[in-house]
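Taking it in order: structure first as structure tokens, then the write-up.
The values are calculated or read from the model by the stated rules, or taken from the named source; none is laboratory data. Just so it is clear, the structure is predicted and the values come from calculations on it, not from any experiment. Backbone-built Cβ (ideal geometry, glycine too); neighbour counts: all protein chains shown. Side chains included, ligands, DNA and RNA excluded: accessible areas come from the protein's heavy atoms. Shrake-Rupley method; radii C 1.70, N 1.55, O 1.52, S 1.80 Å.
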Amino acid sequence: MKLRRRAKTAWRSWSLRRQLLVGILVPTLLVICFNTWSLHGKALVALNTAYDRTLLASAKSISEELDVTGYDELAELRATVPYAAQEAFETDNQSRLFYRISNLQGELISGFAELPVWRGTIPARPPYAALVDFYDDQFRGAPVRVAVLLQPVSSPEGRGMAIIQVAETLELRQAAALQILWDTIARQLMLIAMIALIVVLVVQRATRPVRKLSQTIQARNEDDLSPIDGASAPRELQPLIDATNDVMQRLSHLLEHQQRFVRDASHQLRTPLAVLKTQVQSALRDDLPHRQALEEIGGTVERATQLANQMLALAKVEQLRQQSQPTEVRWDEVLRDVALDISPLIAQNDLDFGIQTDSAPVLAHEWMLRELCRNLLHNAIRHTPEHGALNVTLQIEDYDAVLTIADTGPGIDDELATRLFQPFSAGDVRAGSGLGLAICQQIVQALGGSIALRNRLGNDKNVVGLDALVILPLFAP
């Protein structure tokens, strides 16, 4: 198992060009090797067929010189083998020819007595129009190919059956087979070299856009996150270029958000820290009574803490949107939990609080929903006068969940409404940092919804409160 993992790791670590070369050449080489082996086997079969035919011709030449006296079991065979029967095997100076002529009882008539007597049978379907059999044997310590011909012999003086065996050593066959093998290997090597050259050239050309793309990206500046121009790239590279551009766009957005966060943090925290420093110096000089100085310092620290927490919350919204996937969350349950958490604040202001919710499953991050509900309720409580009314409803309209938080505060003017969702645009700088509604808008946009603030008018057309409306799509499994 470990070796298999190592092999996979080694394969993946190779360059694309090397993988293509190996992936193409290795199967091609295997196919060519198999083809060479197959051709060699077929060549051997063809050689055996050709030389077996010559052996049979020699046996038939010998059979033409047979004579017989007597009939059947009493037949006596005589043979005079001409030199012409051996001439074809002696001109190459490689193969040697041996023969044996015997009767059906195996008694030697002529030829080499030490040549083993044939004990086989004639095939049911012999390859030639004759009673012939071919087999491999050993003679005088060397392998031989033997042709056996059962030849009827007749004459005016008799009739009988002769067994003619012609054996040939394999030097000529082996030399011819080896020559064919080497010729085949030479041609296959030339074919492999040609294929390798073509593959190298094709792979080199095919991977040129990849190398060009790599060089283009490497030549970029560190802060250059502009899209890659892939108009001239091959179609196979388009998904990679599109995915890379998408990642670079997200990185650009994230980097811009981080730079804006650092810039805003350094700017916004500078003011409360400077005020805190001044208050501490004033307290050290006894400009104010100690209790009053501590109360002012405490108020400044509280506002700075709230500012830091809200800035961190704003950063976390962006982080969740970039790095994690939302899940199904019951918005009505989250809303009631948040309302229960801030109930002491509601009781402290003696508000007439009411809440009504329908079951509202949405696709979201639970932390985002909690932060959204908490910021909107805090804003509503902050701007609702004591003994005022605060009503919260969450209802289903078509395929959306609609949250309405209605307070009885002074509302907002039209000029402020256009910039209230921008960071650090509080209606009253003494009452907040101006980040709460910006956080809410970031959350709602991340969840694919919308948010709006609307003045609520009475019968006399005067503003009697403010409605914060949030619309999120319902989760449809």
For region 170-221, accessible area per residue (1.4 Å probe, heavy atoms of protein chains only), Å²:
70 Å²
Can you give me the P(r) profile for region 131-209? Cα pairs, bins 5 angstrom wide beginning at 0, each as a whole percent.
3, 12, 10, 10, 9, 9, 8, 7, 6, 6, 5, 5, 4, 3, 2, 1, 1, 0, 0
Order these peptides, 367-379, 385-397, by their mean beta-carbon neighbour count within 10 angstrom, highest first.
367-379, 385-397
What is the extension gain from ASP286 to LYS461, computed as 0.36 nm multiplied by their sequence separation minus the C-alpha to C-alpha distance, in nm to one decimal?
57.8 nm
Could you bin all the Cα-Cα distances of region 20-70 into 10 Å bins starting at 0 and give me the percent of pairs in each, rounded to whole numbers?
21, 22, 18, 15, 11, 7, 4, 1
May I ask you to order 32-41, 210-219, 164-173, 140-149 by the average number of other C-beta atoms within 10 Å around their residues, highest value first?
164-173, 140-149, 32-41, 210-219
Please compute the net charge surrounding GLU168, taking Lys and Arg as +1 and Asp and Glu as -1 over other residues with Cβ under 10 Å from its Cβ.
+1
Net charge (Lys, Arg +1; Asp, Glu -1) of residues whose beta-carbon lies under 10 Å from that of ASP67, ASP67 excluded, is -2
